[in-house]
Amino acid sequence: MALSVRKAVLPVAGLGTRFLPATKAMPKEMLTVVDRPLIQYAVEECLAAGVEEFVFVTGRNKGALEDHFDTAYELEATLHERGKNHELKLTQQATIKAGNAIFTRQQQPLGLGHAIWCARDWVGREPFAVLLPDELTIDSPSCTGQLVAAHERTGGNVVAVMEVPREQTKSYGIAAVKDEKDSLAEVTGLVEKPNPEESPSTLAIIGRYILQPEVFDHLDRHEKGAGGEIQLTDAMAKMVGHCPFHALRYRGLRYDCGSRIGFLEANVAVALHRADTTGETRALLERVLKA
Ligand code: UTP
């Protein structure tokens, strides 16, 4: 039986250049979809999957991220005094159990692979989840929950993938697969950001992974790949054929909140999706479209 997944690595040290100037003084993972920051969606996705320990790989401007998951004593006391129980509950929900979060720094944004490598000593030698919080996924069970369930069956590495238009392969890690059954396929190759004409498939990795600790051994070499960055996909590619490696076709909602339009889409779609905001959002959209 595969070892269970207890830890998640959340890399949040990217520069977020596509979202400047919003990300000048604030990490993009603190951008808000409807009423909570992206990072909270990622943490809630993990908790729903039974993954309860977190390693945040941060860069500059980490303060807001740490504070978000801390107890906000003055705010909570004031809400309590004013009888704002619903608001108090929402505030208290956004915390992580004492001792279950670690913040480590990636001093230079050398790439996603390097960010994950920075978590190596905190993860140790056990399988772990990786979530890129700027990719928002919404499904039940959660995307990470689906990966954890798949990992329990297959062991090894499991990544979530989705079909993208061929002209977009240059923006993703792409998986070549075989023998797909019940949305799970064996990975036969991985390439980071291939040109459309060279891409082995149109199955893109969407920022959700269950990885074996052996990936750190490959990342140890600090080899640079696409864009001159240390790429996670390149380290994962070295494990193909050496341990079980599967791609799970994810069918839920997914938004690339690292891009302005993807972020706008996420806000509209989540507001439409949620029972407490759907009516008002529909009316708002009609108003805006008529104006
Ligand atoms: P992106 O590819 O979206 O890069 O990173 P970015 O720098 O955050 O954003 P842009 O492209 O400049 O707008 C994917 C994930 O990897 C993390 C990011 O924080 C994000 O969660 N990352 C990337 C790091 O933690 N460190 C890095 O060196 C690069």
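The values are calculated or read from the model by the stated rules, or taken from the named source; none is laboratory data. Keep in mind the model is a prediction, meaning the values are calculated, not measured. Virtual Cβ from ideal backbone geometry, glycine too; neighbours counted across all protein chains shown. Keep in mind that these areas ignore ligands, DNA and RNA; they rest on the heavy atoms of the full protein, side chains included. Shrake-Rupley method; radii C 1.70, N 1.55, O 1.52, S 1.80 Å.
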Report task. Within the range 200-231, track down each residue that is among the small types (G, A, S), in contact with a strand residue (DSSP E or B) (Cβ under 8 Å, 6 or more places away or on another chain) and open to solvent by 10 Å² or more (accessible area, probe 1.4 Å). Result -> S201, G225, A226
**Report entry** Count of residues meeting criterion [open to solvent by 20 Å² or more (accessible area, probe 1.4 Å) and within 8 Å of the ligand (Cβ to nearest atom)] in the range 115-133
**Finding:** 1
Requested in this report: Select the helices (runs of 4 or more DSSP H) contained entirely in the range 1-86, then report the ones holding at least 2 residues which are within 16 Å of the ligand (Cβ to nearest atom), open to solvent by 30 Å² or more (accessible area, probe 1.4 Å) and within 26 Å of I210 (Cβ to Cβ).
Outcome: 63-68
**Report entry** Identity of the residue in the range 232-267, among the hydrophobic types (A, V, I, L, M, F, W, C) and surrounded by fewer than 16 Cβ atoms within 10 Å (Cβ to Cβ), that ends up nearest to A150 (Cα to Cα)
**Finding:** C243
Query raised in the report: So is A150 open to solvent by less than 70 Å² (accessible area, probe 1.4 Å) and closer than 17 Å to A237 by Cβ or not?
Result: no
Query raised in the report: Which of (1) open to solvent by 10 Å² or more (accessible area, probe 1.4 Å); (2) of a type in the set (G, A, S); (3) modelled with pLDDT of 95 or more does S140 not meet, given it meets every other one?
Result: (3)
Query raised in the report: If you check every pair at least six apart or on different chains, which have Cβ atoms under 6 Å apart with a residue in the range 206-219 that is modelled with pLDDT of 95 or more first and a residue that is open to solvent by 10 Å² or more (accessible area, probe 1.4 Å) and in a helix (DSSP H, G or I) second?
Result: F216/R120; L219/W117
Report task. Please give the strands (runs of 3 or more DSSP E) falling wholly within the range 175-261 in which 1 or more residues are among the small types (G, A, S) and touching a Pro at 6+ places or on another chain (Cβ under 9 Å). Result -> 184-192, 203-211
Query raised in the report: Say we look at the range 268-291 and pick out the residues that are in a loop (DSSP other than H, G, I, E, B) and open to solvent by less than 80 Å² (accessible area, probe 1.4 Å); which of these is nearest to E180 (Cα to Cα)?
Result: R274
